[in-house]
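The values are calculated or read from the model by the stated rules, or taken from the named source; none is laboratory data. What you are looking at is a predicted structure, and each value in this text was computed from that prediction instead of being measured. All Cβ positions, even for glycine, are placed from backbone atoms using ideal geometry, and neighbour counts span all protein chains on display.
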Amino acid sequence: MSTDREKLIIANFSGFFGDRFSAAKEMIEGGPVHILTGDYLAELTMAILLKQKLKDPAKGYAHTFLKQMEQVMGQCLDKKIQVVSNAGGLNPKALAAALEKIAETLGLHPTVAYIQGDDLMPVLEDLQAAGESFIHLDKGISLKEAGAQPITANAYFGGWGIARARL
């Protein structure tokens, strides 16, 4: 029989920008949670974030995440719930700054960390010139063969940055 100390309960509240706004609050009020996650990087979301960032270089993140955190940040801190999200999208540093500003307004003091470096657009041509073909998973053809012009190109890093931020 396992004890609560042996369990790690992870609840997810988002799968894309525009997902159910009440979900973060529902997750932390609905039962025991240790880590609250939010995923925002669906393909359509990336296009929306790019459009935002082109209009205003200080944007490029999911602003709805900020509204959700404003609702639940205090409860997350009280319950020691850690929040992990990729809502920073194309501008994780700006999202972190906006999150810290909300925390300050609320009189709260969370630890906020962000990870950047996943944006491959500035080096996409260099990577292709060095031999990276970016093969389409379904069609089996390279990005160059497809004749497509990507609007965003982001790499998944894995969990090392999250693990380090938790230290």
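Within the stretch 1-19, residues that are surrounded by fewer than 10 Cβ atoms within 10 Å (Cβ to Cβ) have Cβ atoms under 9 Å from residues that are modelled with pLDDT of 85 or more and among the aliphatic types (A, V, I, L, M) in these pairs: 8/35, counting only partners at least 6 apart in sequence or on another chain. Evaluation of residue 47 against the conditions (1) of a type in the set (A, V, I, L, M); (2) at pLDDT 95 or above; (3) within 30 Å of residue 121 (Cα to Cα) shows that the sole unmet condition is (2). Scanning for something among the hydroxyl-bearing types (Ser, Thr, Tyr) and within 22 Å of residue 47 (Cα to Cα), does the stretch 86-108 turn up at least one residue? No.
Among what's in the stretch 80-129 and is more than 21 Å from residue 39 (Cβ to Cβ) and basic (Lys, Arg), pick the residue that is surrounded by the fewest Cβ atoms within 10 Å (Cβ to Cβ). In this case the residue turns out to be 80. Among residues of the stretch 152-164 being hydrophobic (A, V, I, L, M, F, W, C) and surrounded by 13 or more Cβ atoms within 10 Å (Cβ to Cβ), the one that is nearest to the chain's Cα centre (by Cα) is 162. Taking every residue in the stretch 137-162 that is more than 18 Å from residue 120 (Cα to Cα) and pairing it with any residue that is loosely packed, with under 13 Cβ neighbours inside 10 Å and at pLDDT below 90, at least 6 positions away or on another chain, yields no pair with a Cβ-Cβ distance below 8 Å.
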